[in-house]
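Reviewing the structure listed below.
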There are 2 protein chains.
Amino acid sequence: MTEAMSRPTLEAVAARAGVSRATVSRVVNGGDGVREPLAERVRRAVDELGYVPNQAARSLVTKRHDAVAVVIAEPETRVFADPFFALQLRGISKELTAHDSQLVLLLTEGRDDHARVGRYLAGGHVDGALVFSLHLDDPLPVLIQRAGVPTVFGGRPGWSEGSAPSETAAGAAAPVFVDSDNRGGARAAVRHLVGLGRRRIAHITGALDQTSAVDRLDGFRDERPDADPRLIVESDFTPAGGERAMRELLDNCPDVDAVFAANDLTASGVLRVLRERGLRVPQDIAVIGFDDMLPLAEQTDPPLTTVRQDIEEMGRLMARMLLGGLDRRGGDAAPGGGEPSGVVLPTTLVRRASA
Amino acid sequence: MTEAMSRPTLEAVAARAGVSRATVSRVVNGGDGVREPLAERVRRAVDELGYVPNQAARSLVTKRHDAVAVVIAEPETRVFADPFFALQLRGISKELTAHDSQLVLLLTEGRDDHARVGRYLAGGHVDGALVFSLHLDDPLPVLIQRAGVPTVFGGRPGWSEGSAPSETAAGAAAPVFVDSDNRGGARAAVRHLVGLGRRRIAHITGALDQTSAVDRLDGFRDERPDADPRLIVESDFTPAGGERAMRELLDNCPDVDAVFAANDLTASGVLRVLRERGLRVPQDIAVIGFDDMLPLAEQTDPPLTTVRQDIEEMGRLMARMLLGGLDRRGGDAAPGGGEPSGVVLPTTLVRRASA
DNA sequence: ATGAAAGCGCTAACAG
DNA sequence: CTGTTAGCGCTTTCAT
């Protein structure tokens with residue numbers, strides 16, 4: 001039973017239905033001006049043969065791919081211990097599915113991978129790209145601009161005017177991004193601690209080569225412009241980094257009575273050190289995180305007060321913006337100019353027991 | 001500066017290098033029988049024009065796609081609170097990258113999506129598929145077999161002989177899978193508890209429509225063939241499910257002195273209930289999980305003793321098996337017969353404080 | 001070793 | 001409305 005013959009082609013369907021290839025094509029693609037009896041014959045032939053269009057052939061002529069690349073540029077293991085990107089993916093996937101687009105995942109582990117990604121994007125496999133976790137010195141934006149693929153960034157891109165990809169100036173679309181209100185969320189967190197009567201409020205930052213960390217730090221400074229410099233400790237978004245920073249903090253400022261950690265993972269490290277030193281949370285030291293990453297935030301002891309961002313919605317929105325721009329292609333897909341233009345999603349404070 | 005012209009084609013490169021398209025093609029694809037001076041001219045032309053092959057055109061003739069679909073069939077939110085699949089993806093991605101293949105992610109949220117996935121797989125977009133999180137009644141295996149795409153399953157497929165996809169009998173390749181030694185890991189966990197002198201050892205199962213849950217239960221039974229039935233409580237791999245099960249357990253068997261939870265998420269729910277009831281871990285009740293999901297397992301109070309499986313390695317291995325089969329396509333890619341054939345990865349007990 | 005030519009399967013004018 | 005006719009950009013015999 002050598003059923004293993006190659007897939008039926010348009011030609012085969014046309015023959016079976018006794019029509020031309022063009023007619024079959026019309027029916028398969030929505031069947032506009034095709035009279036009903038004919039269309040029906042074609043549909044039956046399609047079913048009987050189990051015909052499925054060959055996407056490569058179709059793309060070759062339409063230049064569309066119904067596929068979007070998702071680029072996650074995280075050299076570190078961190079992302080993978082992090083439900084963050086899973087949630088983004090979920091939001092993206094839902095939206096793409098609604099638009100009949102496929103999700104091509106491009107994970108970059110190191111610098112070597114960047115060239116590969118650039119090549120792929122330039123290869124015209126996809127209709128657009130969604131790019132995450134950019135670091136300040138990341139070569140990716142340049143490669144992407146060069147590839148000439150419509151792109152939406154996740155998180156505010158970090159380049160300053162001078163260091164922006166040069167092609168941008170040449171009239172290319174301005175970078176478009178979706179971000180959370182990191183700064184506002186940080187402000188809310190600090191205000192909450194202040195409202196609790198805390199005086200010595202510290203901040204343990206995230207990796208400052210990412211704008212999310214910078215923005216959260218800025219938010220902290222908005223509320224504590226005159227903070228003792230020793231109350232700001234640089235860290236890296238990881239539990240281990242949080243532990244390290246908290247130890248340093250305790251050594252330098254034993255009177256600290258509140259900590260705003262750059263994310264929940266960091267906060268979990270902070271809590272561990274506090275428990276180890278016999279300090280009570282929140283009585284002795286209040287702790288607040290960022291992300292509302294579940295189940296971690298609920299499972300810590302005590303459960304973590306934190307700033308929630310709607311990660312899945314970010315993903316969904318990114319996809320929607322990309323596809324929206326794609327749909328009206330030919331027109332100006334994005335506002336002109338070189339200044340990043342973006343949508344900023346609100347954050348909300350979630351009160352649990354730690355602050 | 002209308003640099004926005006369409007990408008250069010082979011033709012353009014050929015013209016620039018003063019050779020034929022065929023020659024350029026040869027150079028681009030490894031440049032076998034092309035004399036060096038010529039090849040060099042071509043390479044320069046490629047660089048100058050920034051030529052990148054159009055994959056659609058290439059696939060159209062080669063019928064290869066250098067792309068693999070990863071299907072994650074998890075209708076529930078659970079996966080996304082779960083670093084599990086992120087780790088799998090990482091392993092897969094690494095391996096695919098090494099083979100110059102792209103990863104196309106297919107997330108199915110509900111039954112409606114299955115048809116879409118089936119269509120995609122049948123559409124010949126990819127060279128193979130990696131499929132996860134199958135449930136016992138999942139229609140996906142059938143669709144996949146019908147699509148005729150080489151496939152490797154993550155986790156032992158759950159169908160029994162009778163309910164196997166019928167096409168399998170027709171001489172198609174047998175299902176191939178990669179799994180962890182769930183049964184062996186469960187046995188090790190229970191033996192550890194026994195070694196601790198525990199007598200009333202309970203098991204809170206995972207969702208029993210997944211083979212991983214069934215296998216862990218079987219492992220438990222191997223060691224406790226005469227267990228009091230009330231010591232086995234069915235659950236669903238979630239923290240909330242773990243809480244529910246633990247409450248039930250405590251109500252029915254107040255003398256329980258050890259719990260083997262089907263995974264770490266479940267164990268975290270168990271710990272929460274225990275803390276709430278004022279029971280000490282491990283003094284009053286020892287708890288052991290499964291997965292070694294970080295950072296959760298380290299962050300619980302007390303840190304969780306658990307059975308580790310190397311999730312990333314599973315992913316890597318799946319990809320390797322698929323691509324290996326692909327490479328020797330034309331031959332028998334998989335052993336004949338309808339019996340699932342698979343590779344089972346070892347698990348190891350990680351001792352922390354909870355047992 | 002290189003070039004010429006024939007498609008891969010499909011869509012998109014253009015005729016009729 | 002439906003069929004005919006060109007290609008899309010590439011690989012691949014087959015000549016040379």
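Structural remarks
- Single residue of the stretch B:1-59 satisfying the filter (near DNA strand C (Cβ under 10 Å from one of its atoms) and of a type in the set (Lys, Arg)) that is nearest to B:Val126 (Cα to Cα): B:Arg58
- Counting only residues that are among the β-branched types (Val, Ile, Thr) and over 20 Å from B:Leu250 (Cα atoms), the stretch B:285-300 holds 1 of them.
- Unique residue being modelled with pLDDT under 95 and surrounded by fewer than 24 Cβ atoms within 10 Å (Cβ to Cβ) when the list is B:Ala227, B:Ala207: B:Ala207
- Selection of the stretch A:298-313 for residues being buried (at least 23 other Cβ atoms within 10 Å of the Cβ) and closer than 28 Å to A:Val178 by Cβ yields A:Leu304, A:Thr305, A:Thr306, A:Val307, A:Gln309, A:Ile311.
- The residues of the stretch A:47-63 that are charged (D, E, K, R) and free of Cβ contacts under 8 Å to residues at least 12 places away in the same chain, listed by number, are A:Asp47, A:Arg58.
- Number of residues in the stretch A:16-48 that are crowded, with 16+ Cβ neighbours inside 10 Å and away from DNA strand D (no atom under 11 Å from the Cβ) equals 5.
- Failed criterion for A:Asp222 (all others in (1) crowded, with 24+ Cβ neighbours inside 10 Å; (2) acidic (Asp, Glu); (3) farther than 13 Å from A:Gly289 by Cα hold): (1)
- The stretch B:49-68, subset in contact with a helix residue (DSSP H, G or I) (Cβ under 7 Å, 6 or more places away or on another chain) and more than 8 Å from DNA strand D (Cβ to nearest atom), residue nearest to the other protein chains (Cβ to nearest Cβ): B:Ser59
- Within the stretch A:273-326, being aromatic (Phe, Trp, Tyr) and free of Cβ contacts under 8 Å to residues at least 24 places away in the same chain holds for no residue.
- Test result for A:Arg198, touching a Cys at 6+ places or on another chain (Cβ under 6 Å) and either over 19 Å from A:Arg308 (Cα atoms) or in contact (Cβ under 8 Å) with a residue 60 or more places away in the chain (or both): no
- Qualifying positions in the stretch B:176-199 - surrounded by 17 or more Cβ atoms within 10 Å (Cβ to Cβ) and closer than 18 Å to B:Ala267 by Cβ: B:Ser180, B:Asn182, B:Gly185, B:Ala186, B:Arg187, B:Ala188, B:Ala189, B:Val190, B:His192, B:Leu193, B:Arg198
- Any hit, the stretch A:109-123, residues being modelled with pLDDT of 90 or more, surrounded by fewer than 23 Cβ atoms within 10 Å (Cβ to Cβ) and within 12 Å of another protein chain (Cβ to nearest Cβ): no
- Hey, A:Leu265 within 14 Å of chain B (Cβ to nearest Cβ), of a type in the set (A, V, I, L, M), in contact with a helix residue (DSSP H, G or I) (Cβ under 9 Å, 6 or more places away or on another chain) and within 29 Å of A:Met314 (Cβ to Cβ) or not: yes
- Taken as a whole, the stretch A:259-272 holds no residue that is without any contact (Cβ under 8 Å) to a residue 24 or more places away in the chain, surrounded by fewer than 24 Cβ atoms within 10 Å (Cβ to Cβ) and not small (Gly, Ala, Ser).
- Candidate set from the stretch A:69-94 (those that are at pLDDT below 85 and facing chain B (nearest Cβ under 8 Å)); member that is surrounded by the fewest Cβ atoms within 10 Å (Cβ to Cβ): A:Ala81
- Entirely in the stretch B:281-355, the strands (runs of 3 or more DSSP E) that have 2 or more residues that are out of contact with any Ser or Thr (no Cβ under 9 Å at 6 or more places or on another chain) and at pLDDT below 95: B:341-345
The values are calculated or read from the model by the stated rules, or taken from the named source; none is laboratory data. Bear in mind the structure is a predicted one, so any value in this text is a computation, not a measurement. Note that we place each Cβ from the backbone using ideal geometry, even for glycine, and neighbour counts take in every protein chain shown.
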